[in-house]
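Below is one structure, written out as structure tokens, with a few remarks after it.
Rule-based calculations on the coordinates, nothing more; no lab input. Given the structure is predicted, the values throughout are model-derived calculations rather than measurements. Positions of Cβ are backbone-derived with ideal geometry, glycine not excepted, and every protein chain shown enters the neighbour counts.
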């Protein structure tokens, strides 16, 4: 493990440690590719005592290759001066700055690029649902010129390294891929030609800068992914071209996004197998990327000689001090990423800046001590209450947190029990550790009532008591003794079968249906509207639905309203038609949540100031709850 924190030589550079920060889209920029203050704070946080190499978020070599409207640019007249702002921040932290060059090809976003996607051949990218137009040779020449100009700009902006995106289903990979590249010109007869010319252009534009190649160890798409024979040729070209390292990820942006983003629920074996294959086919140093935020996994990968360096992306967004904490073996202090994609990918895809479920400070201004310390009472120890208590304490307030249960976490305790979300428990454990180690007092087993308020006499009451299950009005429901989704995930009440009805196939309902289906129950899950699994992060939803599709014992029923329970079964209305279902042995309510009641009049009269946050204010999600606590603290 000690070798992770020692220097090593890569190309013509000396690295402080064996860690790399990979290219992650932030959506911090402007539509014109300008660098913002949030960019600078973000990269400063990542670089401070952090990875030896910080690779900037992807930039497109030309306008036509852009993926996101707020993507940084390298091809504009002011790109050098803009990018140099970030380079200077990274250098001030004594870390190396790397420019990641890409062209999305068929995966380009017309809203960002200003035109239709272009690719070697006409191919439809399922992620965008668009069919690319075929690149002309003149357009290919322009793109190669764009790589050369981008490399020249990298030199002018004082970058230490350049990384060429050669995988993940983007343009270099598309040309390499015999399943996609159906051209009959020289770029079709020699699938390696485009990659060769891109590498040459980068070397010409930046002859003194070390260059890395990023690939997918496997694009995880037998039908559309790059084959191993083609990939082996690319690795051979990288060695011959003087590339100093190969950065190995997984998946394709178009054909296997869950693997591209390394979703929590995916198995590890395909990644390890792909990494071993790459190791066998190149002598170049390897950087392993994807769900590497656990020291046990890193140790295993290094001991098995599968990689030489480790890329940490989302784990450093979750906790920028991760590497420093690992070095001093303070493992309990780490805010571990749950690989849920909720605060990062989900937000960026929706056009919002990147964030994190458990780290609301990423990219934000440094928190300062308040000049007016208050005595604060936080009612409720769920995500919002924990966050408020933690950050108000860090601001210098004297905080007492009161939780009616015997543990912190609220419904966060239940969220990680859904299929594929087990890694989210580590984030909850971190918040629990921080709250207990920082707050003045944490009291369990009591509610905040008038007596508690009188006893503690707070200047500020933070009402974060969360939400409860919404109970729908259905005739005969009282004859069923139903479970709520909270009852189910908490394990307080058991289910009986063989038939189980889940009312509400939103996020929680879909997760319950999958869990019960895997256990062998016959499950029907209804939802009044469509789509099922609404509010879920898109890749999580896609994977969940794929797994459920393989379960013949689970039936999803959108556009279906449960009308009544009778002695003979259940009456439902589906698309305006009445249907009768056979009786169920268990009914589970996943029909949404409603905020718990606010503080009573006696409490309101006794406290100078009250703030209602989290689900107690508006029912949302863990991300919103944690950020609500942080934002409250910044106001006080």
Angle between the chain longest axis and helix 193-205 axis [Cα atoms, degrees, rounded to 10]: 80
Mean projected area (nm²) of the alpha-carbon convex hull when the stretch 1-97 is viewed from all directions: 6.6
Under the rule a/c < 1.5 gives rounded, and otherwise a/b versus b/c splits prolate from oblate, where does the stretch 497-536 land using the Cα gyration tensor? oblate
What ranking do 391-399, 135-143, 78-86, 314-322 get when scored by the average of other Cβ atoms within 10 Å per residue, highest first? 314-322, 391-399, 78-86, 135-143
Simple SL model, points at 7 angstrom along Cα→Cβ for residue 92 and residue 564; separation in nm is 7.1
Viscosity 1.002 mPa s, 20 °C: Kirkwood-radius Stokes-Einstein D of the chain over Cα pairs, µm²/s: 81
Would you please give the FRET efficiency between residue 133 and residue 352, computed as 1/(1 + (r/R0)^6) with r the Cβ-Cβ distance and R0 = 25 Å, to the nearest 0.05? 0.25
Rounded to 5, the percent of DSSP beta bridges in the chain classed as antiparallel: 25
Could you check the simple spin-label distance between residue 471 and residue 549, using points 7 Å along Cα→Cβ, in nm with one decimal? 3.9
Cα-based radius of gyration of the stretch 79-227 once divided by 2.2 N^0.38 Å, which approximates compact folds: 1.09
Semi-axes of the equivalent ellipsoid of the stretch 332-372: what are they in whole Å, largest first, if each equals the square root of 5 times a C-alpha gyration tensor eigenvalue? 24, 16, 6
Based only on other Cβ atoms within 10 Å, what is the fewest-to-most ordering of 220, 367? 367, 220
The stretch 2-349 - percent relative contact order, Cα under 8 Å, separation 6 or more: 16
Quick one: check the C-alpha center-to-center distance for the stretch 375-396 versus the stretch 461-496, whole angstrom. 27
To the nearest 0.05, what FRET efficiency results for residue 303 and residue 479 with a Förster distance of 60 Å applied to their C-beta separation? 0.50
Between rounded, prolate and oblate, where does the stretch 564-636 land on the alpha carbon gyration tensor, with a ≥ b ≥ c its root eigenvalues, rounded for a/c under 1.5, else prolate if a/b exceeds b/c? prolate
Just to confirm the number: angle between the C-alpha axis of helix 425-438 and the first principal axis of the chain, 0 to 90 degrees, nearest 10? 70
What is the log10 of I(q)/I(0) for the stretch 364-481, computed with the Debye formula using one identical point scatterer on each Cα and no solvent, at q = 0.13, 0.19 Å⁻¹? -0.59, -1.00
For residue 122 and residue 518, calculate 0.36 nm times their separation in residues minus their Cα-Cα distance, and state this gained length in nm to one decimal. 138.6 nm
Past the 17 angstrom mark, what percentage of all C-alpha to C-alpha distances in the stretch 325-431 do you count? 63
Helix 269-280 vs. the chain, principal-axis angle (Cα, 0 to 90°, nearest 10): 20
Kirkwood hydrodynamic radius (C-alpha pairs) into Stokes-Einstein, the stretch 497-594, 20 °C and 1.002 mPa s, D in µm²/s: 160
Expressed in nm to one decimal, what extension gain is obtained for the pair residue 493 and residue 1 from 0.36 nm per residue of sequence separation less their Cα-Cα distance? 172.7 nm
Considering only DSSP beta bridges where both residues belong to the stretch 477-593, give the percentage that are antiparallel (nearest 5). 40
Taking the Cβ-Cβ separation of residue 63 and residue 277 as r and a Förster radius of 41 Å, what is the calculated FRET efficiency to the nearest 0.05? 0.70
Whether the stretch 530-572 is rounded, prolate or oblate, judged on the alpha carbon gyration tensor where a/c under 1.5 counts as rounded: oblate
Residue separation times 0.36 nm, minus the C-alpha to C-alpha distance between residue 594 and residue 368: what's the value? 77.9 nm
